[in-house]
Amino acid sequence: MADMTANRESVTVTTYRESVAEGIAREMRRDPTVVCLGEDIGAAEGVFKTTVGLFKEFGPRRVWDTPISEQAIVGAAMGAAMTGLRPVAEIMFSDFLACCWDYLANEIPKVRYMTGGQLSVPLVVRTANGGGLGFGAQHSQAVENWAFTVPGLKVVAPSTPADVVGLMASAIRSDDPVVFFEHKGLFASKGPAAPPDHVVPLGEAAVVRSGTDVTLVALASTVPVALAAAEALAAEGVSVEVIDLRCLVPLDMRTVLESVQRTSRLVIVEENPYQGGWGGTVASIVADEGFELLDAPIRRVAAACVPLPFADALEDQVIPTVSTVTEAVRRLAAY
Amino acid sequence: MADMTANRESVTVTTYRESVAEGIAREMRRDPTVVCLGEDIGAAEGVFKTTVGLFKEFGPRRVWDTPISEQAIVGAAMGAAMTGLRPVAEIMFSDFLACCWDYLANEIPKVRYMTGGQLSVPLVVRTANGGGLGFGAQHSQAVENWAFTVPGLKVVAPSTPADVVGLMASAIRSDDPVVFFEHKGLFASKGPAAPPDHVVPLGEAAVVRSGTDVTLVALASTVPVALAAAEALAAEGVSVEVIDLRCLVPLDMRTVLESVQRTSRLVIVEENPYQGGWGGTVASIVADEGFELLDAPIRRVAAACVPLPFADALEDQVIPTVSTVTEAVRRLAAY
Amino acid sequence: MTDLIDLYERMAIIRRTEKAAQDLFLAGLIKGTTHLAAGHEAVAVGANDALRADDYVFATYRGHHHAIARGATPEECLAELMSKATGICKAKGGSMHLTKADANMLGSYAIVGSHLPMAVGAAWSATLRGTDQVAVAFFGDGATNIGAFHEALNLAAVWRLPVLFVCENNLYMEYTPIGSVTAVANPAADRAPAYGLPAEVIDGNDVLVVRDAVARAAQRARDGGGPTVLEARTYRHYGHSRTDPAKYRPEDEVRQWLERDPLTLARAKLLEQGVPEEEIAERDAHAERVVAAAVDAAKSAPDADPREAFTDVWADGSATWRT
Amino acid sequence: MTDLIDLYERMAIIRRTEKAAQDLFLAGLIKGTTHLAAGHEAVAVGANDALRADDYVFATYRGHHHAIARGATPEECLAELMSKATGICKAKGGSMHLTKADANMLGSYAIVGSHLPMAVGAAWSATLRGTDQVAVAFFGDGATNIGAFHEALNLAAVWRLPVLFVCENNLYMEYTPIGSVTAVANPAADRAPAYGLPAEVIDGNDVLVVRDAVARAAQRARDGGGPTVLEARTYRHYGHSRTDPAKYRPEDEVRQWLERDPLTLARAKLLEQGVPEEEIAERDAHAERVVAAAVDAAKSAPDADPREAFTDVWADGSATWRT
Ligand SMILES: Cc1ncc(C[n+]2csc(CCOP(=O)(O)OP(=O)(O)O)c2C)c(N)n1
Ligand SMILES: Cc1ncc(C[n+]2csc(CCOP(=O)(O)OP(=O)(O)O)c2C)c(N)n1
Ligand SMILES: [Mg+2]
Ligand SMILES: [Mg+2]
């Protein structure tokens, strides 16, 4: 009973990548109306191998390979969602959301509202998001903010394998449309596997490290960056609380504001360019509702406002790193 | 000489709508490489009558009617811009930018960068933006924020007839791509006509009313709303400074910060939904760089986070009005 | 199969609803915009009569006729246009988004072409659920030049889905003749071979012709024969939208098409069939009464409740996006 | 018109550049991804030989062959892939975006189909400027199912522009056989009639066949005859990208296509023409030397300057977005 080591070892470790397929598979097992569609997701098991095993287990009536037709993929998913299915559509790289943006911006999020509640669109659009892999300007963007500008979409961006499974469960079960951002840079990362029936509700941020001096708000790929920075700063005597937002919509501002109440200092870490980033919205809410809690300026560490360059050495200049985050927090703690 | 009345009368008054066509025509006259394309812009002179006279004056080799093919319109404009023309492409309603979003998000703003500076794309994409006319969820959005999330686009949104002409001149002459938002709700509004050779540089905000108590930052349709609120508040003894940003990129934060230095209080008025709005970015910069200037929370008066409803009575609930802005400023002034 | 006289009556009701909408718009009682379908009635009524109640219909911003053909009442449609609480979409949609989900009329979409992939998805869903429902997308000639058209037809063909693509070719995209912006003469039908699909150009003003063509295509779809493209030639009686006087259309063309008014054609056939004039007149009078009553009811209905602005974003009815 | 032996040499240089890229990738000297065009050389080299220096070329992420055919050196291409300061795009583009603007090779685009409308625009621009330049878009079979393809072909046809749509049909979109996701047998050529355009399916591995077909199409375009669709059947020798072993392709198919390697075909024709083996071998050796030197030069070139991350956003060279 007291053998902690044994207990610790019994926690299975898995990858973020495998958790995507696992999360989808669990829902496909429990609900026959869940179907998948996308480019090369079937026999080929996905270019990122995030649909491994699905075609084999569920066959061609549940897992559909499509042409290169992003509008047809998401548009068909919408039509299917209105008529009794729960489609999970893959858009291979999140940059390609631009090729079916009409569905994400104008159709899916609005149809319930503009029909006075007559129609529901319970679907998930999953997509590989973000940079850090040297894929260049058109295959590396963190585009959660495109979705964040559009009321009516739930926006999910997990940072750990277990959260991938737990949030996928909530996303697929949701009667609201969900855009599910899987981070390319995290696919190979490891963590404890999700327990059976693991469900993480949409809209609940996680305090992934407690601290008292500065609150660090992060999302997806910036969570491990923030945690590494926090670790480095702990050695310097700066106590950093790290919040993993997990979702942009619903946005869990309560957790952020409660943390700022404790720390009085806020740094937001975004992978996306500073201009138009979600951190602006978070900052503006804190600068309004949390103004009196603040003892220092709010800082945003975001990507430079440039397209993403190919070369690693250049990409590193653009996207926040552990050292830029550490430095920003250090300076703010000293304010 | 001292007859001010006569002077005042000699200022020609024109509409925002007419100024669009006037602004384009002036540039077409001075530069033969400026060409227009879009749906129903030629003989029909545009569904908003913003291209009146162009087809007649410049003929079918300069003003081109297109099929309903937003991708082809903007994509062709891009190809033409790379090869010696200065195309001015119309996307009829800004909501339809979603149908060619790949070009605005992934192609046009990135091609110079990703080719190491080999290619230039001097084009303007003009579009009728915004709500207030009862056009419903798919024809009423203020979508500047979509463009604002993408580095590499200049983003212009004028509020007066003279600015339309002056900013159009800069936009068309710019060697950088510009998205030019013409506000549907302002088309019928009137103001002094632009003088000859009127050019307003991109990225210079205008202080359109001076004040000492509160800074009100506005854009396009929210500028007259802000001015009306300022007028109402003046009667109550609250002195409001109103800044018309005119552009989101380049973003003139210097003017905003200088104003906040004087007033110590900031309210931002956006037509778009609160989530993901440009006001978040403005607020976050002020909450960082202008933190010590602030004597009160930063407030954003933005649209509710819902799709736009059809009925006027509902739309009025969603979009900021003079009374909601007045109330927000009044409360902040009393903070 | 419904008697022609009943189809006639339905068309007459749509026609009068459109006339009422125009009058109410000009009287300032309808805000925003309208895209009237007067002239297109035979497409909606003929097609609907060939479909089953459980089939799916998707329409455009010019969709009043499809909503009414599927069973929406003129009253709930006009109430919607007049921003009334009793509007079919609670006055949140307006003219461009009439929807009657409980009759499987799954919406009117105002981004040209956007609903074609949706119809493909509904057909896919029907197949996966093992029903033999079909899905129908109605769209304009102008929609054939947008990317979504291409993607939808290819996917539907590859997956051999039970979906009908019905083009209402009224010769114009807004103010521009479709021929001047389209590379082929029949914008929908001439594209069908690019997807290996069968196509037919039909008289969209003859309600029986439309019904027959749709019935055949629907049967083929139910039998697993895949999609069909139908191009129904028709003409709108009003301008493109609102107060457009449609001056860009040659007088001769307008005259010729008005002579082929779907109601006129149906009436002629009825007389041919020996239906007495009085019976037709009675149907016209009935349509008149229905729509007059609808106008009255819509006028006296309560205005939309401003609080409705903040409902129906999410499945739980709320609009809450943050804590 | 260039001698076949010279075309052969160009193809040989491309082939070896691709081989070098693969080796460098496997050695960890190239980051990100690559999409090699080995097997497609005849399309690029044949087409380029039929075009003028002032014509415009647009390519995809699988575009090394087009860059080199247009005059980019293997060295500047490999340097780009290796993140070197001497890279053709200053290491800001990478493999997917090779561009040689001063040779009117106006870029490689990584969003499938996106460059087709751009080529239409370049052709439109040529017409408006009164030149007789043509624009060519090269794209894959998979690109024929995306909306931009449809919009581009229709607009080009309606405006009768001097643009060539050249499909490199290598039978696969990534890992999926094109036939399983496309409604017609020849994904590009069978769609041309939907735009009233002429089309031809050609042997994309025979450099002379490609040259002839492109020459004819370019001449028609210059003469005001409008666009042409060419579908060049070819095959890629490597997997889709990076380390894809392309296991999804039947062995037999691979073998048959490797026998039809464009270099093998050209070599056979040269021998037929009486060109001595030694001369061909000398060309091979030359190609070998050029690419080996390119690899060496690229390897020893300075790394990309991190400060370059903040240039080339705006025309003034800066990245300044706010005051
Ligand atoms: C993507 C998109 N582009 C442009 C428009 C503006 N628009 C609305 S209706 C219309 C013409 C449509 O013509 P057609 O498809 O023939 O239908 P019709 O109106 O004739 O019934 C246009 C261009 C739109 N709603 N959506
Ligand atoms: C819009 C878009 N969707 C998907 C992709 C991912 N993708 C890259 S290449 C490719 C296959 C393209 O096949 P094809 O057009 O035949 O060209 P090939 O790679 O065979 O040369 C896909 C699906 C993309 N880059 N862009
Ligand atoms: Mg039409
Ligand atoms: Mg291919």
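Read the figures in this text as sums done on the coordinates, not as results from a lab. Computed from a prediction, not measured in an experiment: that's the story for all the values here. In this analysis, Cβ positions are derived from the backbone assuming ideal geometry, glycine residues included, and neighbour counts consider all displayed protein chains.
A compact table of results
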read-out	value
Simple label model, 7 Å out from Cα along Cβ direction - residue D:215 to residue C:264, nm	5.9 nm
Residue D:300/residue C:300 FRET efficiency (R0 51 Å; Cβ-Cβ; nearest 0.05)	0.05
Label point 7 Å beyond Cα along the C-beta direction, distances from residue C:251 to other copies (nm, shortest first)	7.9
Positive-end residue of A:63, D:234, A:249, charge dipole of the protein assembly as shown with Cβ unit charges	A:249
Cα gyration tensor, segment B:4-159 - rounded (a/c under 1.5), prolate or oblate	prolate
Size of electric dipole in segment A:56-185: Cβ of Lys, Arg +1 and of Asp, Glu -1, about Cα centre, debye, nearest 20	300 debye
Backbone HN-Hα couplings from phi across segment C:67-73 [Karplus 6.51/-1.76/1.60, Hz, Gly and Pro as x]	4, 5, 4, 7, x, 5, 7
Of every Cα-Cα pair in chain B, the percent that sits beyond 36 Å	19 percent
Using a 7 Å Cα-to-Cβ projection, residue D:198 label spacings across copies, nm, ascending	3.4
Order of B:331, C:242, A:126, D:10 under a 10 Å beta carbon neighbour criterion, fewest first	B:331, C:242, D:10, A:126
Cα gyration tensor, segment B:130-182 - rounded (a/c under 1.5), prolate or oblate	oblate
Contact order relative to length of chain D, as percent, for alpha carbon pairs under 8 angstrom and 6 or more apart	23 percent
Positive-end extreme of charge dipole, the protein assembly as shown - chosen from A:223, B:198, C:96 (charges on Cβ)	A:223
The protein assembly as shown: calculated mean residue ellipticity at 222 nm from DSSP helix runs of at least 4, using -39500 (n - 2.57)	-11500 deg cm²/dmol
Where rotation carries D onto C, the chain D residue whose Cβ is nearest that axis, in whole Å	D:147, 1
Estimated vicinal HN-Hα couplings, Hz - segment A:105-110 in sequence order (Karplus 6.51, -1.76, 1.60; Gly, Pro = x)	8, 10, 9, 4, x, 10
Span-like helix ranges in chain C, DSSP H, alpha carbon extent 20 angstrom or more, Kyte mean at least 0.0	C:4-26, C:207-222
Computed over chain A: relative contact order in percent, which uses C-alpha pairs under 8 Å that are six or more apart	16 percent
Using a 7 Å Cα-to-Cβ projection, residue B:189 label spacings across copies, nm, ascending	4.5
Relative contact order computed over segment B:257-335 (Cα-Cα under 8 Å; 6+ residues apart), in percent	37 percent
Packing rank of B:20-28, B:218-226, where each peptide gets the mean count of other beta carbons within 10 Å, highest leading	B:218-226, B:20-28
Distance-filtered residues of segment B:290-307 - backbone nitrogen under 19 Å, label point 7 angstrom along residue B:236 Cα→Cβ	B:295-302
Förster radius 60 Å - calculated FRET efficiency between residue D:131 and residue B:207 (Cβ-Cβ, nearest 0.05)	0.80
Paramagnetic reach from residue B:190 in segment B:206-241 [backbone N under 19 Å; point 7 Å along Cα→Cβ]	B:224-225, B:228
Stokes-Einstein translational diffusion, the protein assembly as shown - Kirkwood Rh over all Cα pairs, 0.890 mPa s, 25 °C, in µm²/s	77 µm²/s
Distance between segment D:155-218 and segment C:204-237 - C-alpha centres, whole angstrom	32 Å
Area projected by the alpha carbon convex hull of segment C:109-235, averaged over all directions, nm²	7.0 nm²
Within segment B:206-333: Cβ-based charge dipole about Cα centre, in debye rounded to nearest 20 (Lys, Arg +1; Asp, Glu -1)	120 debye
Chain lengthening between residue C:185 and residue C:102 when straightened (0.36 nm per residue, less Cα-Cα)	26.1 nm
Efficiency of FRET between residue C:54 and residue C:315 - r from beta-carbon atoms, R0 35 angstrom, step 0.05	0.90
Net dipole in debye of the protein assembly as shown [+1 Lys, Arg Cβ; -1 Asp, Glu Cβ; about Cα centre; nearest 20]	380 debye
Selection from A:172, C:7, D:43, by position along the positive dipole direction of the protein assembly as shown (Cβ)	A:172
Packing-based exposure ordering (other Cβ within 10 Å, fewest first) of B:30, D:236	B:30, D:236
Whole-Hz couplings from phi, Karplus 6.51/-1.76/1.60, listed for segment D:223-240; x for Gly and Pro	7, x, x, x, x, 9, 9, 10, 10, 9, 7, 8, 7, 8, 7, 9, x, 4
Cα pair distances of chain C binned at 10 Å [whole percent]	6, 27, 34, 24, 8, 1, 0
Ranking of C:77, D:89 by count of other Cβ atoms within 10 Å, fewest first	C:77, D:89
Centre separation in Å (Cα based) which lies between segment B:254-321 and segment C:282-317	36 Å
Flagged links, alpha-carbon separation over 30 Å, of B:110/D:299; C:90/C:247; D:247/D:299; C:92/C:269; A:110/B:49	C:90/C:247; D:247/D:299; C:92/C:269
Shielding by other protein chains, D:169-177, mean Cβ within 10 Å	4
